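Each remark here refers to the structure printed beneath this line.
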Amino acid sequence: MIQQISTNKAPAAVGPYSQAVTVDGFAFLSGMLPLDIESGEMVGETAAEQTEQILNNIKGLLSDLSLGLEDVFKTTIFLDSIDSFQSVNEVYGSYFTAHKPARSCVEVSAIPKGALVEIEVIAKLK
């Protein structure tokens, strides 16, 4: 059974989708933008700043599922420019220290709301 997840610990969905869904012991988090939880406004002027906001939002959503970053086994990072890879990677690496999930990172032509970064996550439920 698929369960739709909605929490105030992460930004609200900006379209017709769920913040996350759980199914068969897994949590699939929708692509997260660097939005402030309360205002819904974009946070950060650089890709590094936006990555930090996104990862904090992901932690909030995971916490609502009684999970942490250590339960993440796959991430996908979307960048508006591959030139941001190094700065995004540095911030990302400060969140995933000992535990390093599988990851893809790709450049895309545009990200919703003009964001520089978007990150989606798959985690294992406990």
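Taking 0.36 nm per residue of sequence separation and removing the Cα-Cα distance, the residue 24/residue 1 pair yields an extension gain of 7.5 nm. Find the centroid of the Cα atoms in the range 1-58 and in the range 68-107, then give the distance between the two in whole Å. The two parts, judged by their Cα centres, are 15 Å apart.
What the Cα atoms of the chain give is an Rg and a Dmax of 13.5, 41 Å.
Principal-axis analysis of the Cα atoms of the chain puts helix 85-95 at an angle of about 40° to the longest axis. Relative to the dominant Cα principal axis of the chain, helix 47-64 is inclined by about 10°. The ranking of 118, 41, 49 from fewest to most other beta carbons within 10 Å of each one's beta carbon is 41, 49, 118. A straight Cα-to-Cα reach below 15 Å connects residue 59 with the aspartates and glutamates 36, 70, 71, 118, 120, residues fewer than 8 places away in its own chain not being considered. Applying 1/(1 + (r/R0)^6) with R0 = 30 Å to the Cβ-Cβ distance of residue 83 and residue 63 gives a FRET efficiency near 0.40.
The numbers here are math on the coordinates, done by the rules we state, and not lab data. Please read these numbers as outputs of a predicted model, since none were measured by experiment. Counting neighbours? That spans all protein chains shown, and the Cβs are built from the backbone with ideal geometry, glycine included.
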